[in-house]
Amino acid sequence: MIARALALVLSLVLLAPVASAQGFAGLGTDAGEGFTRPERGQPLVFPRDHGPHPDYRIEWWYLTATLTGEDGRAYGIQWTLFRSALEPRRTTGWDSPQIWMGHAALTTPGRHFVAERLARDGIGQAGVTAEPFKAWIDDWRMTGTSGTADALDRVRLTARGVEFSYDLDLAAEGPLVAQGDEGYSVKSASGQASWYYSQPFYRVSGTLELPDGPVRVTGQAWLDREWSSQPLDPDQTGWDWISLVFDDGARLMGFRLRDRSGGGYTSGTWIAPDGTPTPLAPNALRFTPLRIARVAGRDVPVDWRIELPGRALDVTLTALNDAAWMATLTPYWEGPVAITGSHAGRGYLEMTGYDP
Amino acid sequence: MTGAALSALWGHWRRHPGQSLTLVLGLALATALWSGVQAINAEARASYDRAAAALGQNDLDTLGASDGRLFDQSAYVDLRRAGWLVSPALEGRLRVGERSVTLRGLDPLTAPLAANPVDLSDPGDLAPFLRGEVGYLHPETLATLDPTLLPLRVAPALRLPLGVLIVDIGAAQRLLDQPGRVSHLLVWPNQPRGLPALDAVAPDLVRRAPQARADVASLTDSFHLNLTAFGFLAFAVGLFIVHSAIGLAFEQRRTTFRTLRALGLPAGRLVGLLAAEVTLLALLAGGIGLGLGALVAALLLPDVAATLRGLYGAEVTGALTLRPAWALAGLGLALAGAFAAAAQGLWRVLRLPVLAPAQPRAWLRASDRGLVVQAAMAALLLILAGIIALTATGLIAAFVLLACLLLGAALALPPLLSGLLALAARRTRSVLGQWVLADTRQQVPGLGLALMALMLALAANIGVGTMVSSFRMTFTGWLDQRLASEFYVTGRTQDEADAIRALLAPQALAVLPIWRAAQPLAGAPGEVYAVADHPTYRDNWPLLRAGPQVWDRVADGTGLLINEQLWRRSGLQLGDRLDLPGWSAPVVGVYSDYGNPKGQVMLSPDRFTALYPDAPRLGMAVRIAPEAIPALRAAISDRFGLPDALMIDQAAVKRFSLGVFERTFAVSGALNVLTLGVAGFALLTSFLTLAAMRLPQLAPIWALGLTRARLARIELARAAILAALTALYALPVGLAMAWTLLAVVNVEAFGWRLPMFLFPGQWAVLGALALGAALLAAVWPVRRLARTPPADLLKVFAHDR
C-alpha cells in the first residue's frame, strides 16, 4: 500500500545511519551494499513470497480495512508489520541484523487510536513465516487459517493498543493481484523498483474493542505485500496514496509522488472485479486537494478530487476523521475515506511528508 | 535625620575596621563550613538522583526472579507475545583494566523512554549500538578508564549515571558470557487493556516497585546526616563569634544610640536602620562564606567521593557544580544567624530609655540570677539528653541527643566557672589574689560565649578523635583477623577461575572460596558468601556472638553466620531462623564486619552452590607462605594474562582498606580542625572586646601601684586559667560525645558498635592547643595594655562616665 512512501521514510529512519554515519565501523557507504535488487522477469512464487526476504532491505505486510459496525457507524483499521534490515542476513539471537516494526490503528468518526511496536529479530518476539503463514510482533498477529488454498485466503488479524484492540477474520473473495509487470513495480524514472503484490478482495467480520465497549463489524480489507532495497530519490518529499474499493467491485490503487520542485508524478493500477490488473499510464491519474485540515501542527489535505478520464472516473474522497494522524516514530496520515461522485465506495488514504 | 543617623552608625564600623572584619569573617566562616557541607551533600544527592533516573528506576516497575538471579530471556518473549510491554535488561560488573564498571545491557527498541539510552529519532545512533559496536558512558567515568581496554567504542553521554556502561543487551550477554540470560525486565507504565495476568504468563517473576531498587541513596543517608550534623556544629560555633562581635558593636554604640534618640530619632527607625545594617553585613558575609564554602567543598569532595565509592559503591562526581539550592540556603542561614545574634541588641535599643546612662553593659556584673537561669536550662538539656540516651532509637534521635548534650554542657560552663571562681576567692587570703579571682569572675559573662565555643570545639575534637582512634584500633585488629589468607585471586570467567584453582591447589596450603551472591536481607540489599570449613576461619574469624560448635554447624549446613549489621537490623538472635529463598537455617554466630553497610550471611560452599547455582564463583583466598607469592603471581600472570588488580596480597588489601578508612575520616578531621580554628578566633575577638572595655577597671589597680607589666602578666595568667578550666571541663563532655558516637550514632548509621578506647595523649595535645589558643588570643590585648600610655589610664578618672 501506501507503504511505499512510508517504507522510504522508514528506511531513512533505520538505515540512514549507513549514509550519514560517515564510515562508522565498516558500515557501507553505498546504501545498497550487499542487498538484493529486484530484477524484472523473476516470477513470484507462493507461498514462499508470503514470507520474509531478508536479503532485501525493506519489506512490509500492510493491511487496511473499511468497516461498518452493528451500530451503523463507519470504522477503519490498519495493521502493518515492517521489516528493515541493517545487513542482508538473518541469524538467531540478538545479533540478527533485522528489525521489526508494527503499526496498528483504529479510526472512528470521532477518535483515532494508534499503537506502535518495535522488536528485534532472532529471539522470537516478532517475525514472519510463510508455511504456515504467520506474521507477528508481540501479541499482534496475522495468521493464515486456510487449510488447503493459498495461505492468505483466510486470515485472522489481531492487534492491541493501550485503549483499543481488534480481532478480525478475513476471507479473500478474489485472487492475489500482481502489481506492475508480474509484480515488478517500477518506482521512478531512474529505475528504482520493488516487488509488489496485493490481496484487495478480503471480506471482513470481527470485533473491535473500544473504550466504550465491543463493537461487531463487517467490511472489506486490502493487503499489500512489498519488498525492495532501494531508497527513494532524495528529491522526492512525500506521497499521497489511495486504495479504493468501488461498489461495483472494481478497485483502484494510485499514488502521487511529490518532489521539491513542486511537480508530481502519478501512477497506479486499475483492478477489474475479477482481479485483472491494468497498470495506469504515468500521470493518467489526477490528484487535486479539496480541503486542507490542521492536523498535528501540519496542513494536511484530507479531502481530494480524483480523476481518471480513461475510466470516466471523477470522485471526491472525504476523510472519515480528519485527525487520522499516525503519531509514530515516523509520523504520517492514514485513514479511511468515503468515495462519492461518478463512482461510490470506500477506501484508504495515506499521506506522508507533510512537515509542520 | 535618617541620613545623619546612618552616617553616625556607619562611622562606628569605619573607626573599628577590626571589629567589622571580625563580624564579617565570623559570619563568613560559619556560613562557609555549613554551606560547604551542604554543597557536598547536594552534589552527592544529585549523583544518586541521576543514577536512579538514568536507570529508569525512579518510576518504572521491574520484573525479576524472586531470588534476584538471572533468568532466561524466553520469559521476556513470552510476556511480549502475551501483550505485556516490558523490556529486557542484563546487568553485571565489567572489569576494565584495574577498574570495573557496571555493565548494563538494554534493548533500545523496547526500552521505555526514561530508560532508553538511544534516541530512536536520531538514526545515526541506532545501528552501531544494536551491532554492539558502541556503548555509552558518562564522560567523567570515561576519563578514569583506559579506552584501549574497553571492549567497544564508547561515546560519552552526560545523562548517564557515573560508573555505568550502557550497551546493547546482545553485547552485554556476550561481554558477561551470559547468552540468553537477563537480570530483570523494565515494565512500561501504561499497559494495554485486557492483558492476561502476570503470574499466568511468567509465574517465576516478581514485580517490584521502583523504590525497592533505589538503594544507594538510603544506604548513604546516614553518612550525609553525619556531615550535616558537623556542618551545623560548625555553624553554631561560628555564630558565637558573630554574636560577640555584634553584641560588642551594640554595646560600644550605646552612647551614639542615646544621642540619636535624644536628637529625636524614633526608636522604630533606629531599629530599622540597625536591622538594615545587619542585613547588609549578613549578605556580604554570606556571600564571602558561600565562596569559601565552595572552596571547602571542592577541597573535600574528592575525599568524600572516594569514601562513598569505597564504602557504599556509590558513584559521586568529583567535580562541584554551583546549585542555587544550597547557595540560597547558605545566604538564608547567614541572615538568620546574624539576626539571631543581633536580636538581643535590637531589643535593647528598642527599649532603651532616652535618658538612661549610656554605661556599657559589660561594666555591670552579671547578675547571679542570669547565671541561675542558664544553669537551670543546662540541667534541663542534660536531663533530656539522658532520657533520650536511655529511651530513643534512630539516627535523628542520636543527633538530638548529641545536640542536647553539647548545648547543655556549653550552657553549664559559665555558671560552673563562676561558682568555681567564687569558691576559690573565698579561700584566697591575698588581696591581689582575691581581686584577680573576683575580676575574672566578673569577666565570665563577657567571655562566656567564647569559652563555650572553645569548649564545644574541644569537646567535638575529643569526641570525634576518640571515636576515630577507637575505630582505627578496632579496625586494624579486625583486619588482621579477617584477612588471614596471604593472597587473593579473582578469575575473570568461571573457566579461568577453575583453571587458576587447579593451578594453585598443589602449591598452596589451602585455596578457600570467596563466592558471593547478591541477596536482599531484612528488606535491604545484602550479600551471601560461601565460607569453607578451614582452620583459617575457625582460628581467626572475628565472632561477636557464637553458639556451640558454630563452625561445625556451618560446615554441615545446619546453621549460618550473619554479620553484625544484619544482626542489629533484623533483631535475629542466636538460634532464630533466617529465611533465604529456598532454604532457612538457624543463626549460629554473629561476626563483626566493619566498613560494610550491607547485611551479610555466610554459609557452607555446598549450600551456596545449591542456592545460587548461577552465581559466578570467581574469587579465592590462598593460604601460602608470603615469600612464595611473587612466583605464584608471575605464574598466573604468564599463563592466564590476569591483570595485577585481580591478584592482591594481604598487605595490599590492608593498605587499601586502611586507605578507605582514612579517607572516610579525613572529612571529619578537616571539619574538626576548622571548628577549632573558628573557636580560637571567637576567643580572640572576645579578649579584644573585653580588653577595650576593661581599661576603667584596671586604672584604679594601676593607680594603687601595680605596674602595667604586672597587670599584663596577671591578664595572661587569667586567660590561661580560664582556658585550662574550659579544657578540663571539655574532657568529660567530649568523652560523653565519643560514647554517643560509638554506641549510638555508629550503630544507627552503619550497623556496628565499637569498643571505646581512651587516648590521654590526644587530650594533652588538645589541652595544650586550647591553652596556646587562649594565650595567643590574650597576647595582643595584653600587649596593648602593657603599652597603654599612663595618660590614657589617668583619663579614665577624668572621663568617669
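Derivation of every value follows stated rules applied to the coordinates shown; laboratory data play no part. The structure presented is a predicted model; accordingly, all values stated were derived computationally and were not measured. Quick reminder, even Gly has a Cβ in these numbers, built from the backbone with ideal geometry, and neighbours come from all protein chains shown.
Could you order peptides A:220-227, B:193-200 by the average number of other Cβ atoms within 10 Å of their residues, highest first?
Taking the mean over residues of other Cβ atoms within 10 Å, the ranking is A:220-227, B:193-200.
To the nearest 0.05, how large is the calculated FRET efficiency for B:Q762 and B:R538 if R₀ is 22 Å and r is the Cβ-Cβ distance? Write down the numbers at each step before the final one.
On the way: r = 37 Å, r/R0 = 1.68.
For R0 = 22 Å, the calculated efficiency reads 0.05.
Express in % the proportion of alpha carbon pairs of chain A at distances exceeding 24 Å.
So the pairs more than 24 Å apart make up 54 percent of the total in chain A.
Please compute, for peptide A:123-133, the average count of beta-carbon atoms on other protein chains lying within 10 Å of each residue's beta-carbon.
If you average over the peptide's residues, the count of other-chain Cβ atoms is 3.
Could you order peptides B:134-143, A:61-70 by the average number of other Cβ atoms within 10 Å of their residues, highest first?
Working: B:134-143: 20.4, A:61-70: 23.0.
Those peptides, ordered most packed to least, come out A:61-70, B:134-143.
Just to be sure I understand: if I project the alpha-carbon convex hull of region B:59-213 onto a plane and average over all orientations, what area do I get in nm²?
Working: hull surface 37.6 nm².
Projected area, direction-averaged: 9.4 nm².
Multiplying the sequence separation of B:A200 and B:E662 by 0.36 nm and subtracting their Cα-Cα distance, what value in nm do you get?
On the way: separation 462, 0.36 × 462 = 166.32 nm, distance 5.28 nm.
In short, 161.0 nm is gained.
Take every DSSP beta bridge with both residues inside region B:485-652 and express the antiparallel ones as a percent of the total, to the nearest 5.
So the antiparallel bridges in region B:485-652 amount to around 75 percent.
How would B:I648, B:I383, B:I246 line up from fewest to most surrounding beta-carbon atoms within 10 angstrom? Show your work: numbers first, answer last.
Details: B:I648 17, B:I383 12, B:I246 29.
Result, fewest neighbours first: B:I383, B:I648, B:I246.
B:K598: which lysines have alpha carbons under 22 Å from its alpha carbon, excluding same-chain residues fewer than 8 sequence positions away?
Straight-line reach from B:K598, under 22 Å: B:K654.
Any idea what diffusion coefficient region A:216-356 gets from Stokes-Einstein, in µm²/s, Kirkwood Rh on alpha carbon pairs, 10 °C, 1.306 mPa s?
For these conditions, the coefficient is 100 µm²/s.
Mind listing the Cα extents of region B:485-652 along all three principal axes, in Å, largest one first?
Principal-axis extents of region B:485-652 (Cα, largest first): 48, 30, 29 Å.
Which whole-number percent gives the relative contact order of chain B, counting Cα pairs below 8 Å spaced six or more residues apart?
Numbers: 1278 pairs, mean separation 130.1, N = 801.
Computed value for chain B: 16 percent relative contact order.
What value in Å³ per residue do you get for the convex hull of the alpha-carbon atoms in chain B?
Output value, Cα hull per residue: 214 Å³.
Provide a whole-number value for the mean count of partner chain Cβ atoms within 10 Å of the Cβ atoms in peptide B:166-173.
Details: counts 0, 0, 3, 3, 7, 2, 1, 3.
Shielding by partners across B:166-173 averages 2.
Under 17 Å from the 7 Å Cα→Cβ point of A:R305, by amide nitrogen: which residues of region A:314-339?
A:314-319, A:339
Mind checking B:77-84 for the average number of partner chain beta-carbons within 10 Å of each residue's beta-carbon? If you can, show how the numbers build up before the last one.
Numbers: counts 6, 2, 3, 9, 9, 2, 7, 2.
Counting other chains' Cβ atoms within 10 Å and averaging over B:77-84 gives 5.
Rg to Rh for region B:151-200: what is it, with Cα atoms only and Rh by Kirkwood?
1.10
From the phi angles alone, apply the Karplus equation (6.51, -1.76, 1.60; θ = phi - 60°) to region A:74-87 and give each ³J(HN,Hα) in whole Hz, x where the residue is Gly or Pro.
Coupling constants for region A:74-87: 8, 9, x, 10, 10, 9, 9, 10, 9, 10, 9, 10, 7, 9 Hz.
Testing the spin-label approximation: label points 7 Å from Cα along Cα→Cβ at B:A4 and B:D495. State their distance in nm.
Output for this residue pair reads 9.8 nm.
What is the antiparallel percent of DSSP beta bridges lying wholly in chain B, to the nearest 5? Numbers along the way, then the final one.
Numbers: 47 of 65 bridges.
Once the DSSP bridges in chain B are tallied, antiparallel ones form about 70 percent.
Just want the ordering: B:M377, A:M142, from fewest to most Cβ atoms lying within 10 Å of their own Cβ.
Result, fewest neighbours first: B:M377, A:M142.
When A:R120, B:R45 are ordered from fewest to most other Cβ atoms inside 10 Å of their Cβ, what list results?
So the residues, fewest neighbours to most, are B:R45, A:R120.
Taking H as built 1.01 Å from N, whose amide H comes closer than 5 Å to the amide H of B:R545, not counting residues under 5 places away?
Long-range HN contacts for B:R545: B:V590.
For region A:243-255, take each phi angle, set θ = phi - 60°, evaluate the Karplus expression 6.51 cos²θ - 1.76 cosθ + 1.60, and give the result in whole Hz per residue in order, putting x for glycine and proline.
With coefficients 6.51, -1.76 and 1.60, one gets 10, 10, 10, 8, 4, 7, x, 6, 10, 9, 10, x, 8 Hz.
Applying the Karplus parametrisation 6.51 cos²θ - 1.76 cosθ + 1.60 with θ = phi - 60° to the phi angles of region A:36-49, what ³J(HN,Hα) value in whole Hz is obtained for each residue in order, glycine and proline being reported as x?
Along region A:36-49, the couplings run 6, 9, x, 10, 4, x, 9, x, 5, 10, 10, x, 3, 6 Hz.
Cα atoms only, the protein assembly as shown: Rg and Dmax in Å?
Rg, Dmax (Cα atoms, Å): 41.2, 136.
DSSP H helices in chain B with Cα extent of 24 Å or more along the helix axis and mean Kyte-Doolittle hydropathy at least 0.0?
B:17-54, B:215-252, B:267-312, B:324-351, B:368-391, B:395-427, B:431-482, B:650-703, B:708-740, B:760-786
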